[in-house]
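What follows is calculated from the coordinates using simple rules that are stated; it is not laboratory data. Just so you know, these numbers come straight off a predicted model, no measurement behind them. Using ideal geometry, Cβ is built from the backbone for each residue, glycine included, and neighbour counts are taken over all protein chains shown.
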Amino acid sequence: MDIKSWLINWFSDNTAIDQEEITNNCHENYFLLKWIDSLKFISLISAIEDTFGINFSNDEFQDRKFATINGLEEVIKAKMDAP
């Protein structure tokens, strides 16, 4: 499964932002763009954990990578590749 495509689809399905805008702004902070709030973020993390079979610790959420689609893709890949 392509992680970035999955993330783009999630944002497209769960926000009012169209897929083209999401794709063009994968490097931008989606909180600053006001695409999602903290409640939607919890929903996103739950969906990621369920879909990809990974679990995040509370400490990991401090990583700035969690605020962009590109960063999330990187974090998910690393978690999936970890032993």
Exercise for the section: Determine the relative contact order of the chain: mean sequence separation of Cα pairs under 8 Å and six or more apart, normalised by residue count, in whole percent. Expected result: 35 percent
Practice task
Using a cut-off of under 16 Å, list every residue of the range 6-44 whose amide N is near the label point 7 Å from the Cα of R64 along the Cα-to-beta-carbon line.
Solution key: 27-33
Handout entry: Label-to-label distance, nm, for residues given as K79 and I45 (7 Å Cα→Cβ offset)
Key = 0.9 nm
Exercise for the section: Rounded, prolate or oblate: pick one for the chain, where a ≥ b ≥ c are the square roots of the eigenvalues of its C-alpha gyration tensor, a/c under 1.5 means rounded, and failing that, prolate if a/b is larger than b/c, else oblate. Expected result: prolate
Practice task
Beta carbons within 10 angstrom, averaged per residue: use that to sort the peptides 27-39, 52-64, highest first.
Solution key: 27-39, 52-64
Exercise for the section: Would you mind checking the tilt of helix 69-81 against the longest principal axis of the Cα atoms of the chain, expressed as 0 to 90 degrees and rounded to 10? Expected result: 20 degrees
